[in-house]
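For reference, the structure discussed in these notes is given below.
The values are calculated or read from the model by the stated rules, or taken from the named source; none is laboratory data. Since the structure is predicted, the reported quantities are computational estimates derived from the model, not experimental observations. Ideal geometry is used to build each Cβ from the backbone, glycine not excepted, and the neighbour counts take in all protein chains shown. We work out accessible area using only protein heavy atoms, side chains counted, and drop any ligands, DNA or RNA first. Shrake-Rupley method; radii C 1.70, N 1.55, O 1.52, S 1.80 Å.
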Amino acid sequence: KGLLTLNPIHSDRMITSGSALGGILVLVYSCLDLKSTLLDKTHYLLYYLTCAINPRMLITVNEDLSWRPVTVRVGQAVETVGQAGKPKTITGFQTHTTPVLISTKERAELGTEEVLSVSSVLEGIVIVTDNPDYEPIESSS
């Protein structure tokens, strides 16, 4: 899968970064004449690609930015499906504990209601907080 991706689109494929798109266009335009640009003295134009590099991993941290392992489901991204009251945004998921790698067309969602995410999109580094309404399921013995 790889740890980094070269993509100007982020936030669950909803937002395009202008600086990342500009960095890719600089490289594409300089490739029109490779012998006098990238293969000659302006090889430093490759550094423009760093604007479009994003991590493909999901890491969850507390409010004090210390790492916190959380159960997440990673699966194929789809439109909202499921029963009324329990919408799902992924299908064919696998359950993992963070940190986890997310592929290009995959999406992650929290596996339990024990924690709440501060951000609505689970990509990169996500801050999670304890759910004040969470009650653990008690098993009857």
Worksheet item: Which listed residue (Cys31, Ile127, Tyr48) has the Cα farthest towards the positive end of the charge dipole for the chain, taking +1 on Lys and Arg C-beta and -1 on Asp and Glu C-beta about the Cα centre?
Response: Cys31
Discussion item. Sort 33-40, 96-103 by the packing proxy (mean of other Cβ within 10 Å over each peptide's residues), most packed first.
Written reply: 96-103, 33-40
Response to the item:
Where a ≥ b ≥ c are root eigenvalues of the Cα gyration tensor, a/c under 1.5 meaning rounded, otherwise prolate if a/b exceeds b/c and oblate otherwise, region 5-141 counts as prolate
Worksheet entry | Over the chain, relative contact order from alpha-carbon pairs under 8 Å, at least 6 apart, % | 23
Worksheet item: So which residue, out of Val28, Val126, Val61, gets the largest mean-square fluctuation from a GNM of the chain using Cα contacts under 10 Å as springs?
Response: Val28
Response to the item:
Net charge (Lys, Arg +1; Asp, Glu -1) of residues whose beta-carbon lies under 9 Å from that of Ile90, Ile90 excluded, is +1
Worksheet item: Hey, how many Å between the Cα centroid of region 50-64 and the Cα centroid of region 1-35?
Response: 18
Worksheet entry | With Cα atoms, 0 to 90° folded angle of helix 18-30 axis to the chain main axis | 30
Discussion item. What is the percent carbon and sulfur in the accessible area of the chain, measuring with a 1.4 Å probe over the protein chains and ignoring ligands?
Written reply: 57
Worksheet item: For the chain, with only Lys/Arg (+1) and Asp/Glu (-1) charged at the beta-carbon, what is the dipole magnitude about the Cα centre, in debye rounded to 20?
Response: 800
Worksheet item: So what is the accessible area of the chain per residue, in Å², with the probe set to 1.4 Å?
Response: 70
